[in-house]
Every structure is written in C-alpha cells, then in structure tokens.
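Accompanying notes for the structure given below.
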C-alpha cells in the first residue's frame, strides 16, 4: 500500500507530503520504503504519521457475498478490517467484533473494538469489510501464558554449567 507522510516529526528521511510504500510492522507501525519491496525499507515509523492513499489489494469496496457469516449474540470474534470508505480515519488491521443482534435488526453490520474487554468501541461497519473472522477464545490465551508451578522452578547458574 502507499501513503502520504503528514507528520515527519523531525525525521530526516521523511518529507511532508512525500509518498512512500508502507508495509505493516506490528499493530501501530509501518516499514517505510521508496520502492515497492519490503526489503528496501529505510525505517519503521508510527501509523499516525501517514495517510493511506491506496492499497494494491483492494481499491474498491469488496463485493458483499450472498451469504454473510452469522455472528452469535454475546460472543466475541477476531477479524481483520480490509477496507473502509475514503475519509474514515480507522486503520486497517485486526479488531475484535461483536454482533449487532439485539440492538438492530440489521445482521449485515458489526461493532468493532480495539481491545478484548470491549471497552474501546471504534464503530459499526458492514460485516463484508472484514475477513478472517474467527471466534475469539480467551482460554487459548490463558494456556499460552501458563507457567510452571513454583516447585518445578530451578535456579540457573551461567558460571557453573
């Protein structure tokens, strides 16, 4: 994708109104390049410094499928926002989404949030603007953080191996 620099913030590499190729780097940054090749980036900068001009993958709104996935009320899903209308400031990327069932009769939209606690609401977009929709399972995350019981801890001594 390409973007225009709106805030160089003291960087010698970025120029105001300069057009660069942007490659996602984590949740809040881009690898920035003068060429359409990831390996030629000259730095990593915050997403807030750029205004997206075009995405090579999707420059027009994705076609609405005949059958949208049904989101169950009360469940949280993880999904990737792949498109938004011109003028919307929301960044493309991964979000947590919930059903609008119960609030609206329209099952073609979803609420989306930046946090799993669903406290930081961002808005309501059509469901077909999202891909890779899967149910978020908080148990999977808890298992990843699991650590050994204290009885199984061992002291590591780097000098006496």
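The values are calculated or read from the model by the stated rules, or taken from the named source; none is laboratory data. Not measured: the values here are computed from a predicted model. Using ideal geometry, Cβ is built from the backbone for each residue, glycine included, and neighbour counts are taken over all protein chains shown.
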query = Can you find even one residue in segment 31-42 that is outside any loop (DSSP other than H, G, I, E, B) and more than 26 Å from residue 60 (Cβ to Cβ)?
reply = yes
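When only residues in segment 69-96 that are in a loop (DSSP other than H, G, I, E, B) and buried (at least 16 other Cβ atoms within 10 Å of the Cβ) count, which is nearest to the chain's Cα centre (by Cα)?
92
Taking residue 62 as the residue in question, decide whether it is in contact with a helix residue (DSSP H, G or I) (Cβ under 9 Å, 6 or more places away or on another chain), at pLDDT below 85 and closer than 30 Å to residue 6 by Cα.
The answer is yes for residue 62.
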key: Top-ranked residue in segment 114-124 [being touching a strand residue (DSSP E or B) at 6+ places or on another chain (Cβ under 6 Å) and farther than 14 Å from residue 27 by Cβ; ranked as surrounded by the fewest Cβ atoms within 10 Å (Cβ to Cβ)]   = 121
